[in-house]
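First comes the structure, then the notes that go with it.
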Protein chains: 2
Amino acid sequence: MKQYEHPPAEAFELTCILHALSDPYRLSIVQKLSVLQPQPCAPLQGDRPKSSVSHHFSVLRKAGLVRTVVVGVTHMNSLRNAELEARFPGLLDAILDAAARCVELSANS
Amino acid sequence: MKQYEHPPAEAFELTCILHALSDPYRLSIVQKLSVLQPQPCAPLQGDRPKSSVSHHFSVLRKAGLVRTVVVGVTHMNSLRNAELEARFPGLLDAILDAAARCVELSANS
């Protein structure tokens, strides 16, 4: 069964993580996984074409944000939050807090 | 005297901020300004061509990270850290902490 490659935590790069999270769709995937994980791709896909979703998940995996495990025909995705917290303490929480603030602000405007 | 345009704090967008900081050179400018500000462009330029530096400063200004004030023939740059902190509390500090950690880790390896 094909499995995906994931960088080890010591190879995580800050600029790659920031680039991965600078796209609104990829940021929304990380937000959804921070609330409920693991999740298969389908509920995270929205109305996007599969090729676009594959690309975005690849960027998230290469940055070290997401781990994808193939279980039968399902790809289960989870955040690597413990490893991210160990490598860059407080970073993911600060970005998720800021993302939640954007939703709050747009909901109030 | 030509002055630059800067977005108001309420228009700051998280994904634009993350994109601006996902480039190592732009991140290094923000790190340098976090230690000493305001600073003219020259000490922040390194050996890069002026056109490249202008582009990177433009990205930083549009994201709301940097304010550039023209004083005579000098462009003085400063971080908009108070406004960033008010809009996204803890975000810039967490990213700067993570960036400092990268330097520490590479110095120790």
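The values are calculated or read from the model by the stated rules, or taken from the named source; none is laboratory data. Predicted model only: the values in this text are computed from it and were never measured. Methodologically, a virtual Cβ is constructed for each residue, glycine included, from the backbone with ideal geometry; neighbour enumeration extends over all protein chains shown. Please note that ligands, DNA and RNA were not included when accessible areas were found on the heavy atoms of the full protein model with its side chains. Shrake-Rupley method; radii C 1.70, N 1.55, O 1.52, S 1.80 Å.
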### Task
With label points built 7 Å along Cα→Cβ from the Cα atoms of A:Val35 and B:Leu36, find their separation and express it in nm.
4.6
### Query
In nm, to one decimal, how far is the B:Ser51 label point from the B:Ser78 one, both placed 7 Å along Cα→Cβ?
3.2
### Task
Answer rounded, prolate or oblate for region B:13-108, using the Cα gyration tensor with square roots of eigenvalues a ≥ b ≥ c: rounded when a/c is under 1.5, else prolate when a/b is larger than b/c, else oblate.
oblate
### Message
Quick test of the membrane-span-like rule: which DSSP H helices of chain B reach at least 15 Å along their long axis (C-alpha atoms) with mean Kyte hydropathy at least 0.5?
### Response
B:91-108
### Message
Going through the cross-link list A:Lys2/A:Lys62; A:Lys2/A:Lys32; B:Lys2/B:Lys50; B:Lys2/B:Lys62, which pairs have a Cα-Cα distance over 20 Å in this structure?
### Response
A:Lys2/A:Lys32
### Task
For region A:1-105, state which trypsin sites (Lys or Arg not before Pro) are in a DSSP loop and have at most 15 other beta carbons lying within 10 Å of their beta carbon.
A:Lys2
### Summary
Expected response for nearest chain B Cβ to the B-A rotation axis, distance in whole Å, is B:Ala94, 2
### Inverse mean reciprocal Cα-Cα distance (Kirkwood Rh) of the protein assembly as shown, Å
18.6
### Task
Taking the dipole about the Cα centre of region B:13-108, with the C-beta of Lys and Arg at +1 and of Asp and Glu at -1, give me whichever of B:Val103, B:Leu84, B:Leu65 is farthest to the positive side.
B:Leu65
## Note on the structure
Rounded to the nearest 10 Å², the 1.4 Å probe accessible area of A:Tyr25 is 20
